[in-house]
Amino acid sequence: MTKNIKKLTLKDVAERLAVSTATISNAFNRPDQLSATLRENILSECEKMGYFGPNAAARSLRTGRTGIVGIVLSDDLSYSLTDPVANQFLKGMAEVFEANEYNMLLLSSDQVEQDAQSRMQSSMVDGFIVYGHKPQQCINAPWLMPNKNIITVDSFIPGTTSVNIENHSGAYRIACHALQHKPSAVAILGLSLLATDRVCRIREDELFDRAASISIQRLYGYFQALEEHQLSVASEHIWNIPENNHKLAYQAAREALTMAERPQLLLCMSDCIAIAAIQAALHMGLRVPEDLQVVGFDGIAEGGNIHPSITTIHQHTVEKGRVAAEVFLGLREAKDVVLETELVVRESCPSIDASMLVESKRTHSVLA
């Protein structure tokens, strides 16, 4: 019996009982998540096998590890849990960590400072996954200590392994697609381009370091496409939206669409921004895509469900979470990973052929 106790893992027990590791864990730690009958049956079978639940304290003493990973989020926790991109990223990580008996400690970078509390938090975890790090945040943060396992996601911090997506090439690809419509004026609705909490237009000398910010990489992807199409966008036609927030994005879109030279194309750095921009355009009596083309970035589910649906760059956000967790646990080689993205063409900025077909049908209907 003693040998079984030492050998059996949570995964072993789950496989024997034909249930998920989460169900076994809940039976011991979160009884409110299971029916009384199911929990009693699981505990009874575990006792017969000589398995008495995951013991974090014992594991820490045996392995020198706590079995806890700190997840440092660039935005506050309430926002991160509701944001569709961050939410899917957390889901992907949770799948891998749960299967490997690891717990996640969620931390907001705004709360992580070099004080007694943060040092205590650092001692509680085996390392950190830093998501969406912004260059101005926590320069001397305890999660940058050299003796900790650090994985950065959607960001770049020297000396750490990073997991990112094709930000520059994805932005370049969707801008090239949109510019086939030959707009006379273009505006960019950017996300977290500046160190400010205000919706405002940018000055180039205020921009974050290109190497450290995925938003700047997207911006330069747009710039490359514009240059190749012999177009340019002045800084007063580029907006900074400090947070991926509908209200702030709507404000920026209204400002852009009331300019004397109204843009015919909005390049939006997220689908949430693109959705707000389309709503602002429709409220102003503009037709999308006939009067205004709009493109997004991320590929969130809502973007495909609204009308007009969003042309976007789809990133595999759940997979990004899984990869980050696997790199952290050593299940994948500790080297920088760049995940591929996909151009998804929908109604807000259709292909040229589809756009011409829609306009032809509309003209024919009017003449009839």
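Can you pull out the residues in region 70-83 that are assigned to a helix (DSSP H, G or I) and touching a residue at least 60 places away in the same chain (Cβ under 8 Å)?
Across region 70-83, the qualifying residue is only TYR79.
For residues that are assigned to a helix (DSSP H, G or I) and polar (S, T, N, Q), scanning just region 267-320, find the one that is most open to solvent (accessible area, probe 1.4 Å).
Among them, the one singled out is ASN305.
What pairs can you find where one residue is in region 134-161 and closer than 18 Å to ALA86 by Cα and among the hydroxyl-bearing types (Ser, Thr, Tyr), the other is open to solvent by 40 Å² or more (accessible area, probe 1.4 Å) and at pLDDT below 85, and their Cβ atoms are less than 9 Å apart, with a gap of 6+ or different chains?
SER155/PRO135
Report, ordered by the first and then the second residue, all pairs with beta carbons closer than 6 Å, sequence separation of six or more or different chains, a first member in region 303-315 that is closer than 14 Å to CYS349 by Cβ and among the polar types (S, T, N, Q), and a second member that is assigned to a helix (DSSP H, G or I) and open to solvent by less than 40 Å² (accessible area, probe 1.4 Å).
Listed by first residue and then by second, the contacts come to THR312/ASP271; THR312/GLY303.
Go through (1) among the acidic types (Asp, Glu); (2) under 23 Å from GLU206 (Cα atoms); (3) open to solvent by less than 10 Å² (accessible area, probe 1.4 Å) and name the single condition GLU255 misses.
Of everything listed in (1) among the acidic types (Asp, Glu); (2) under 23 Å from GLU206 (Cα atoms); (3) open to solvent by less than 10 Å² (accessible area, probe 1.4 Å), GLU255 misses just condition (3).
Listed here are the residues, each with its yes/no results for (1) of a type in the set (A, V, I, L, M); (2) part of a loop (DSSP other than H, G, I, E, B); (3) modelled with pLDDT of 90 or more; (4) closer than 18 Å to ILE150 by Cα.
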{"residue": "ASP12", "(1), (2), (3), (4)": "no, no, no, no"}
{"residue": "VAL19", "(1), (2), (3), (4)": "yes, yes, yes, no"}
{"residue": "ASP32", "(1), (2), (3), (4)": "no, no, no, no"}
{"residue": "SER44", "(1), (2), (3), (4)": "no, no, no, no"}
{"residue": "GLY53", "(1), (2), (3), (4)": "no, yes, no, no"}
{"residue": "THR66", "(1), (2), (3), (4)": "no, yes, no, yes"}
{"residue": "VAL85", "(1), (2), (3), (4)": "yes, no, yes, no"}
{"residue": "LEU90", "(1), (2), (3), (4)": "yes, no, yes, yes"}
{"residue": "GLU95", "(1), (2), (3), (4)": "no, no, yes, no"}
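Residue check, SER109 against (1) at pLDDT below 80; (2) surrounded by fewer than 20 Cβ atoms within 10 Å (Cβ to Cβ), all met but one. Which one?
(2)
The values are calculated or read from the model by the stated rules, or taken from the named source; none is laboratory data. On a predicted model such as this, the values are computed, not experimentally measured, just so you know. Glycine gets a Cβ as well: all are built from the backbone with ideal geometry, and neighbour counts include every protein chain shown. Calculation scope for accessible area: heavy atoms of the full protein, side chains included, ligands and nucleic acids excluded. Shrake-Rupley method; radii C 1.70, N 1.55, O 1.52, S 1.80 Å.
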